[in-house]
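Chemist: First, the structure itself, so that you have it in front of you.
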Amino acid sequence: LVTDGAFAGLNLCIRTVTDPGDEVIFLTPPWFFYEAIILGGEAHPVRVPVNYETWDLDVDAIEAAITPRTSAILVNSPNNPSGKIYPPETLRALADALTAGSERIGHPIYLISDEPYRRILFDGIGFHSPAEVYPYTVVTYSYGKQLLAPGQRIGYLAVPPTMPDREAFRGTVFVAQFAMGYAW
C-alpha cells in the first residue's frame, strides 16, 4: 500500500494496529518523532532502552514490558540515531519473545518495522527485516532517505505473505487511508 512517506506510513500503521489507550513499545534512544506519532494515534508510548554497550535490542526488557494492552512494538533498523543494524539472531529472539507474549496476552502483537535506511549500508554489513522471521510484521518504508529527497514524501506499507488474515489487514489499512485522507 502506497503512503505519503515515513510520517504518514507510521501514523497509518499505528492507527491500524491499535485502539485508543493501547500500548506501543518503542526503543530508546528513538528517532525524535516516534513518541509523537504514537500519541497522535491515541496510543500510549512505552519506552524500552536498548543495550547501551552493544546498541542491540534488549529482548528481555522488551518481553518484560509486554502487558495485555500491548498492541505493537516499533523497531527501526538500521537504527536512527545509533546506526545499529539488528542481526538475524536478535530478530529471531525478538520474534520468539513477541510470539510468547502474544500467546500470554491472547492477541497478536504487531511488529512495526520502520526501514527507511535499509538500503544505506556500509562495510559489507547486510540488512535483515523482522518480516523474515515474524508473521505479524508491518514494514514501513520511505523513499526519501534513499533518494536524498525527503520532501518527495512517498513510501509504502508491506506485510509478509506469512501474516495470518493479511487480506483483512490490508482492507483495514485501506479504510484507514480513506479516513486519514493525506495517507495516500
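The values are calculated or read from the model by the stated rules, or taken from the named source; none is laboratory data. Remember, predicted model here, so these are calculated numbers, not experimental data. Heads up, the Cβs are rebuilt from the backbone with ideal geometry, glycines too, and the neighbour counts pull from every protein chain shown. With ligands, DNA and RNA removed, areas are computed over all heavy atoms of the protein, side chains included. Shrake-Rupley method; radii C 1.70, N 1.55, O 1.52, S 1.80 Å.
Chemist: Being open to solvent by less than 60 Å² (accessible area, probe 1.4 Å) and either part of a strand (DSSP E or B) or on the phi > 0 side of the Ramachandran plot (or both) is the filter here; which residues of the stretch 35-48 pass it? Working first, answer last.
Modeler: Taking the stretch 35-48 first, the residues open to solvent by less than 60 Å² (accessible area, probe 1.4 Å) are 36-38, 40-41, 43, 45-46, 48.
Within the stretch 35-48, PRO45, VAL46, VAL48 qualify.
Chemist: Could we say that SER102 is of a type in the set (Gly, Ala, Ser), touching a residue at least 12 places away in the same chain (Cβ under 8 Å) and assigned to a strand (DSSP E or B) here?
Modeler: On the way: of a type in the set (Gly, Ala, Ser): yes; touching a residue at least 12 places away in the same chain (Cβ under 8 Å): yes; assigned to a strand (DSSP E or B): no.
No, not satisfied.
Chemist: What's the total number of residues in the stretch 5-27 that are open to solvent by less than 20 Å² (accessible area, probe 1.4 Å) and either without any contact (Cβ under 8 Å) to a residue 24 or more places away in the chain or out of contact with any strand residue (DSSP E or B) (no Cβ under 8 Å at 6 or more places or on another chain) (or both)?
Modeler: Matching residues across the stretch 5-27 total 1.
Chemist: Which of (1) out of contact with any helix residue (DSSP H, G or I) (no Cβ under 8 Å at 6 or more places or on another chain); (2) modelled with pLDDT of 95 or more is the odd one out, the single condition ALA95 does not satisfy?
Modeler: Every listed condition holds for ALA95 apart from (1).
Chemist: Next question. All but one of (1) open to solvent by 40 Å² or more (accessible area, probe 1.4 Å); (2) outside any helix (DSSP H, G or I); (3) not aromatic (Phe, Trp, Tyr) hold for PRO116; state the number of the condition that does not hold.
Modeler: Result: PRO116 fails condition (1) only.
Chemist: Another question, if that's okay. Any residue that is in a helix (DSSP H, G or I) and modelled with pLDDT under 90 - is there at least one of those in the stretch 51-59? Write out each step before concluding.
Modeler: Filtering the stretch 51-59 down to residues in a helix (DSSP H, G or I) leaves 59.
Those still in the list that are modelled with pLDDT under 90 too: none.
There is no residue in the stretch 51-59 that is in a helix (DSSP H, G or I) and modelled with pLDDT under 90.
Chemist: Residue check, THR16 against (1) among the polar types (S, T, N, Q); (2) closer than 14 Å to PRO130 by Cα; (3) in a helix (DSSP H, G or I); (4) in contact with a helix residue (DSSP H, G or I) (Cβ under 7 Å, 6 or more places away or on another chain), all met but one. Which one?
Modeler: With (1) among the polar types (S, T, N, Q); (2) closer than 14 Å to PRO130 by Cα; (3) in a helix (DSSP H, G or I); (4) in contact with a helix residue (DSSP H, G or I) (Cβ under 7 Å, 6 or more places away or on another chain) applied to THR16, the lone miss is (2).
Chemist: Any idea how many residues of the stretch 50-64 are of a type outside the set (S, T, N, Q), within 21 Å of PRO81 (Cβ to Cβ) and surrounded by 12 or more Cβ atoms within 10 Å (Cβ to Cβ)? Reasoning before the result, please.
Modeler: Taking the stretch 50-64 first, the residues of a type outside the set (S, T, N, Q) are 50, 52-53, 55-64.
Right, trim to within 21 Å of PRO81 (Cβ to Cβ) and you get 50, 52-53, 55-59, 61-62.
Then keep just the ones that are surrounded by 12 or more Cβ atoms within 10 Å (Cβ to Cβ); that gives 50, 55-59, 61-62.
So the answer is 8.
Chemist: Assuming SER71 fulfils every condition listed in (1) hydroxyl-bearing (Ser, Thr, Tyr); (2) in a strand (DSSP E or B); (3) more than 22 Å from CYS13 (Cα to Cα) apart from one, which condition is it?
Modeler: (3)
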